[in-house]
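No value in this document is a laboratory result; all are computed from the given coordinates. Since the model is a prediction, treat every value here as computed from it, not as a measurement. As a convention, Cβ positions derive from the backbone with ideal geometry for all residues, glycine included, and neighbour counts pool all protein chains shown.
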């Protein structure tokens, strides 16, 4: 058997350039962003003023249909593909545009809503989410259910009329929880069921009677996340996402989005790596840091390539499987490495909180340090990689 | 943007896996390792004959020159499979380095002669005389007291009939030669990887063997260094994948404390870390192949990035695979060492990870001011 008869016709296949339509889209995004991105940074989105400033920015994005480019047109998007979304993200970070205050909703909940939502739910929830009118927080973790998410104890029981639920319990570490209008979370609806059975996915209005929010100051002193207490909070059946009792599999689709493609686009890291190289050059290229700088740059670039690779698979009809856990480990550790290297370059200036470059690196470092913890700790992700990609037995 | 392989490329790769599964199983590696020097020559010739009959040496050679006319993107999967099997023969040097370099120099008679020997399939082509450092390619070739040239660490000299050798004169620059084996004196170099054929070659400098000099030779050497980085990255990816697979399989079988050791988180996390490194080395390696195939201006950057990532991935996979195997992995009896030794050798060949990281950093795009 010669290889030739099989392979002589090999043509086409891989093409790592963007076509004219993609380039035109990139130019359109770049032009719009350069005209609209605020020149001065907005106040922190973990303050009341900053939250509203970021919400206003979401409205600006939405007004020209830039807030959710990959969504269907009827919900406020442009019906574009994942590649266009990646291009938009590259331009977004390149333009140093504000952090997306709506990211829990648009990146984590929306893919799940689009997959499991009823037509009425999509119609009700997606457009105001796209416009920044309704900001979402995530109600997953509980005091005794963090990495072990299946240990959730917050419960939902049927109300007296049989048309809805009463939610009782406690959620914690809810990012944006201090200011958000809505919360998506999973609650135990079958109190006799164990672990990941008998859970249901709810959409909850944060001003419902019975909800108490207690903001939690983070490591930087700001209230980025919150505890949410539920005391017989009434939620109608129309706010159940997916089937009753199917909350775990519905939630896992969000978890896949979070770890996989949609939460952390590579532009965030390539942009930070470019700033790191700039800082390295400004510092005179100290030999001691050269390897770490090169490593950080290479890893950011590799994450971008891997994302294009994954996006191609998705475009060819594959779904993102347990490889998403590799992603989550890689981007979170890359983010820490980039910022840690920058702080090393800054040396004695690294601890300064003044506005300007050093302070921005320190903020970024603190933010990066949360990465290996949220969205499923990296230790849990390593278990997933070992069990589902390498086939090792569950311990 | 389409970061995927065609069905035909996948088929080619599967055909190579089947062939090497037959021609180069671990039993064959063991036989090769334990064979006498003469017996190794026979075993290598048999396997090379089979690979040549499939057209492997001439994969990148144009069809008009009796090759298969394929591209680096077609070849990358072949190299990954060769790494998976720890193929002893110099496929990277012959098919990946010598063949495209000679083909690019056609119709020069010296190149045509050497290429004819390569595609005819009787013997591989040996390659030497190029080192990769943070300053780019340099040559280890020196002049001896008797006026011969001396090149250390030539790969494939034992079985080759043609040696592709480079030297660099500080004044006149690079020269590339295709030297017949019979004109050279070869001293085999003992290396940790007994299946790797490394030699010091003494060769006469002659205009008869000259392929290229000056600017043309410099461009060829630079491209050859990029191909070597990208090609060895593909081998290393295959090797890393194999070592992780061997270790994961072992971790499922081996019982301690009444359960498979793979159920312990400490073992899982070692293997997961290696698997993550491999996951991200792959697309970088495929991008380098595409950049070579399409002559991208970023090809050196892309090849260096692939080599840096793949070297690290293979080094970590070797370290982890040994640890997971425990004492049995430290024995001659266990197959793991064939793959570890090749990984160590290739990881430091053609520029190690740290060298390539510096090459990448020097070429990294600096931030540009925002466009208006």
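Points to keep in mind about this one:
- Average projection area in nm² (convex hull over Cα atoms of the stretch A:264-389, one quarter of hull surface): 8.3
- Relative frequency of Cα-Cα separations exceeding 29 Å in chain A, percent: 47
- Two numbers describe the Cα atoms of chain B: Rg and Dmax, which are 20.6, 70 Å.
- Alpha carbon convex hull of the protein assembly as shown, volume per residue in cubic angstrom: 177
- For chain B, the longest principal axis of the Cα atoms and the long axis of helix B:336-348 meet at an angle of about 50 degrees.
- Tail weight of P(r) past 18 Å, computed on alpha-carbon pairs of the stretch B:142-187, percent: 28
- In terms of overall dimensions, the C-alpha atoms belonging to the stretch B:67-197 reach 43, 40, 34 Å along their principal axes, ordered largest to smallest.
- Translational diffusion of the stretch B:218-363 was estimated from the Stokes-Einstein equation, with Rh taken as the Kirkwood radius over Cα pairs; at 10 °C and 1.306 mPa s the coefficient is 101 µm²/s.
- Per-q log10 I(q)/I(0), the stretch A:183-252, q = 0.13, 0.16, 0.25, 0.28 Å⁻¹ (Debye; single scatterer per alpha-carbon; no solvent): -0.45, -0.65, -1.07, -1.17
- The simple Förster model, with R0 at 45 Å and r as the Cβ-Cβ distance, assigns residue B:249 and residue A:373 a FRET efficiency of 0.90.
- Cβ neighbours within 10 Å from other chains - mean over B:278-287: 6
- With contacts taken as Cα pairs under 8 Å at a separation of at least 6 residues, the stretch B:191-289 carries a relative contact order of 25 percent.
- Against chain A, whose longest principal axis comes from its Cα atoms, helix A:82-94 is set at around 70 degrees.
- Taking the longest Cα principal axis of chain B as reference, the axis of helix B:214-253 is set at about 20 degrees.
- Per-residue shielding of B:260-270, expressed as the average number of other chain Cβ atoms within 10 Å of the residue Cβ, stands at 5.
- When you restrict to C-alpha pairs under 8 Å that are six or more residues apart and normalise by the size of chain A, the relative contact order lands at 12 percent.
- Cα principal axis extents for the stretch B:1-151, largest first, Å: 53, 45, 34
- The residues B:167, A:183, A:283, when put in order of fewest to most other Cβ atoms within 10 Å, stand as A:283, B:167, A:183.
- Normalising the Debye intensity of the stretch B:75-120 to I(0), with uniform scatterers on Cα atoms only, and taking log10 at q = 0.21, 0.24, 0.25, 0.27 Å⁻¹ returns -0.70, -0.81, -0.84, -0.91.
- Cα convex hull of the stretch A:136-247 - mean projected area over all directions, nm²: 6.6
- By the count of neighbouring beta-carbon atoms within 10 Å, fewest first, A:141, B:222 end up ordered B:222, A:141.
- Based on Cα atoms of the stretch A:49-149, Rg over Rh with Rh as the Kirkwood radius reads 1.00.
- Chain A: most fluctuating residue of A:72, A:143, A:119 per GNM, C-alpha cutoff 10 Å: A:119
- Neighbour-count order for B:277, B:252, A:171, fewest beta carbons within 10 angstrom listed first: B:252, B:277, A:171
- When the helices of chain A are scored as -39500 (n - 2.57) per DSSP H run of n ≥ 4 and the total is divided over every residue, the value at 222 nm lands at -14000 deg cm²/dmol.
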